[in-house]
Amino acid sequence: MQQTFPISDDELQSLAKNAIDSVFSTMLERTANIKEVIKIEEDTHSEGMQLPVDSNTPMIAGTVGFIGNLTGIIYIFMELPLAMEATCKLLDMEDGDIGSEDHELVNDAIGELTNMIVGTFKNDLSNKGYECRMTIPSILRGSNFSIEPAEVALRRIFKFDCDGRSFVIDVLMKEEN
Amino acid sequence: MRLKILTVDDSKTVRIIVKKSFKGFDCEITEAQNGVEGLAMAAKVTPDIILLDITMPVMDGVEMLTKLKSDPALKAIPVIMLTAEAGRENVMKIAKIGVRDYIVKPFKENVLVDKVSRVVDLRPMGEAAPIQKKIDDPIDILVVDDKPAIISQITEGFGHTPWNVKGVASTGEAIDFCQKKLPDCIIISLSLPEDAAITLFRIIRSNAKTKYVPLFGLSVKTAVEEQARAQQAGFSTIIHKPIDFEELETKIGKAVNLDSSGKYFQMGEGFMTVRLPKTCNASVVNEVSSYLKDKTSEAVNAGISKIIFDAQNVASLNMDVIKLLLTSMKTCRDLSLKYALTGNQAVIEESKKFEESKDWKFCDTVENAKASI
């Protein structure tokens, strides 16, 4: 049976938008806008869901979980060129300073960006009375990602545009009893 | 002396951002990627301030902070938490353990620099450091307390030093005093009515002229609540009443960055004498250790090749003193310097109880020690 989730869709969208605005404007001096919101019900797509991104574009995915009154995981899928630009901005480097094989540097930078985004999201949840703790970020690279969620009460996918480049936030969460 | 900042964060990105934030300042950044490395690095370099993340593998920031605050040699190092975890529960937890401030990620580099400069004396690169005063130079200490007896006690307690103590009873008088003459250090009674100590602290820290003046809170040891409020407001050092003047003198010396090597090191007639005081606690041992390398080099450059370690005044030989003497003696051997030890009966007896010191030979006077080498 579908569980009633304590946070409305509007609130969730606002949390995601605020987290992106805060991190992108402070750390990258850029803005990003929501282009698409995908609502996935609990009993659908159990076999995995294709993300709203070009499956042939190399992507980097950062993920951080949170545990508490609300437990969940947030994935940030970013096109590699955007990830490289973000890394350059964060570390005050020029485009050419990062080699295509410099995975460790880009992974760490995107891991930290994900940590900040999920941190902002989680802190806003705390302010609403849902205390939770974060896990350590982890990073995946590749293309044609799909996520097969374990048991979740709510899953929302937000597609953002940042100066013509795309990235996606995939939020999976459930309320703990 | 360059300011030492230790950044403890599992993200290399954050450590790089911290480094570039302080690029224009006269400071040295050391890094650690978890709490275990952070504690080891803190013990090794004794940083002036630590920027500490919370969520890290191996040992997280809360555990590192707890361990740091329970280590007598490290607990005085101010810590600013730099973290993505800003929930109320987290903030309350870290505030209880004792942090000077916290910065929530994402952060602007100028916010980081501003918060750090509120705690330590951060100077732009190339700006000349003030001439370092010596322990026996006169300095001005302002005491803000509405109890005249305490002001008299502090004045008398520093009677043997060339330090000038000026007492005032209210925050207004304190601000007037600072406008006319910048004190080297301010001691504020935390029991001033209406939280005046915290108000004065904020005024002093927000004024460009006075923001770097070291501030001490003064409180009865049992007034825990008053002390916790003061620490949350930013007081990093609290002096307990009744006042231990030996300890206070050491703390002021450190805060004002006085060269106190003259208390321990004397040179003349071909000898350098390292005189250890009666109370040789971890803080005194650290202070002596911090001068040892430079003073030994100075002695060698002055043609001195004989060193006396004088422990005649030491009340009790603890492991910290033994480690200090072992390190010192090894340095002497490495540099082919001759050395001798002096000690009183208690020190000699205690030295026999430790494996490391049981074979040490002590002379009973400095003259005999000099004659023996």
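The values are calculated or read from the model by the stated rules, or taken from the named source; none is laboratory data. Since this is a predicted model, take the numbers as computed values, not measurements. Neighbour counts are summed over all protein chains in view; Cβ atoms, including those assigned to glycine, are modelled from backbone coordinates with ideal geometry. Heavy atoms of the whole protein, side chains included, go into the accessibility calculation; ligands, DNA and RNA do not. Shrake-Rupley method; radii C 1.70, N 1.55, O 1.52, S 1.80 Å.
Of the peptides A:107-115, B:162-170, the order by per-residue mean of other Cβ atoms within 10 Å, starting with the highest, comes out as A:107-115, B:162-170. Packing around the peptides B:30-43, B:135-148, taken as the average count of other Cβ atoms within 10 Å per residue, puts them in this order, highest first: B:30-43, B:135-148. About the Cα centre, and with charges only on the beta carbon of Lys, Arg (+1) and Asp, Glu (-1), how big is the dipole of region A:9-175? Nearest 20 debye, please. It works out to roughly 420 debye. Kirkwood analysis of the Cα pair distances in chain B returns a hydrodynamic radius of 22.6 Å. For region B:1-96, what % of the accessible area comes from carbon and sulfur atoms, probe 1.4 Å? Percent of accessible area from carbon and sulfur atoms in region B:1-96: 54. Computed from backbone phi, the HN-Hα couplings of region B:250-262 come to 5, 5, 5, x, 5, 5, 8, 6, 7, 7, 9, 4, x Hz, rounded to whole numbers (Karplus: 6.51 cos²θ - 1.76 cosθ + 1.60, θ = phi - 60°; Gly and Pro given as x). Normalised by residue count, region A:9-175 yields a Cα convex hull volume of 106 Å³ per residue. Add -39500 (n - 2.57) for each DSSP H run of 4 or more in the protein assembly as shown, then divide by its residues: what number comes out at 222 nm, to the nearest 500 deg cm²/dmol? Using -39500 (n - 2.57) per qualifying helix, the result is -11500 deg cm²/dmol.
Under 5 Å from the amide H of residue A:154 lie the amide H atoms of A:173, each residue being 5 or more positions distant or on a separate chain, with H modelled from the backbone and absent for Pro and chain starts. Does region B:261-372 classify as rounded, prolate or oblate by the C-alpha gyration tensor (a ≥ b ≥ c root eigenvalues; a/c under 1.5 gives rounded; else a/b over b/c gives prolate, otherwise oblate)? Cα axes put region B:261-372 in the prolate bin. The residue among A:8, B:321, B:208 whose Cα reaches farthest toward the positive pole of the charge dipole of the protein assembly as shown, with charges on the beta-carbon of Lys, Arg, Asp and Glu, is B:321. Counting only Cβ charges, +1 for Lys and Arg and -1 for Asp and Glu, the dipole size of region B:140-255 around its Cα centre is about 420 debye. Of the listed pairs A:122/B:108; B:108/B:209; A:89/B:44; B:96/B:293; B:263/B:306; B:4/B:134, which have alpha-carbon separations greater than 28 Å here? As for pairs spanning more than 28 Å Cα to Cα, those are A:89/B:44; B:96/B:293.
Hey, what D do you get for region B:121-170 in µm²/s if you plug the Kirkwood alpha-carbon radius into Stokes-Einstein at 20 °C and 1.002 mPa s?
Numbers: Rh = 12.9 Å.
Value of D from the Cα-based Kirkwood radius: 165 µm²/s.
Ordering B:344, B:135, B:51 by Cα displacement along the dipole of chain B toward the positive end leaves B:51 in first place; charges were set at the Cβ atoms of Lys, Arg (+1) and Asp, Glu (-1). Among the residues of B:7-15, the average count of other protein chain beta-carbon atoms within 10 Å of the residue beta-carbon is 5. Each of B:78, B:198, B:148 was scored by the projection of its Cα onto the charge dipole of chain B, and the greatest displacement toward the positive side belongs to B:78; charges sit on the C-beta of Lys, Arg, Asp and Glu. For region B:221-311, the share of accessible area belonging to carbon and sulfur comes to 49 percent (1.4 Å probe, ligands and nucleic acids excluded). Classified by the C-alpha gyration tensor, region B:3-119 has a rounded form. Its axis ratio a/c, with a ≥ b ≥ c, is below 1.5. Under 12 Å of direct C-alpha separation, and excluding same-chain neighbours fewer than eight residues apart, residue B:115 reaches these aspartates and glutamates: B:101.
Quantify how strongly other chains surround peptide A:108-116 by giving the mean number of their Cβ atoms within 10 Å of each of its Cβ atoms. Before the final figure, lay out each step's value.
Numbers: counts 7, 6, 1, 4, 11, 4, 1, 11, 8.
Going residue by residue through A:108-116 and averaging, the value is 6.
When B and A come together, around 2000 square angstrom of accessible surface is lost from both chains combined, probe 1.4 Å.
The magnitude of the dipole of chain B, with charges of +1 and -1 set on the Cβ of Lys/Arg and Asp/Glu and taken from the Cα centre, is near 640 debye. The convex hull drawn around the Cα atoms of the protein assembly as shown, when projected onto a plane and averaged over every direction, covers 31.9 nm². Look at the Cα gyration tensor of region A:47-96: its axes a ≥ b ≥ c give a/c of at least 1.5 with a/b at or below b/c, and that counts as oblate.
Could you report region B:209-346's accessible area per residue, 1.4 Å probe, as an integer in Å²?
47
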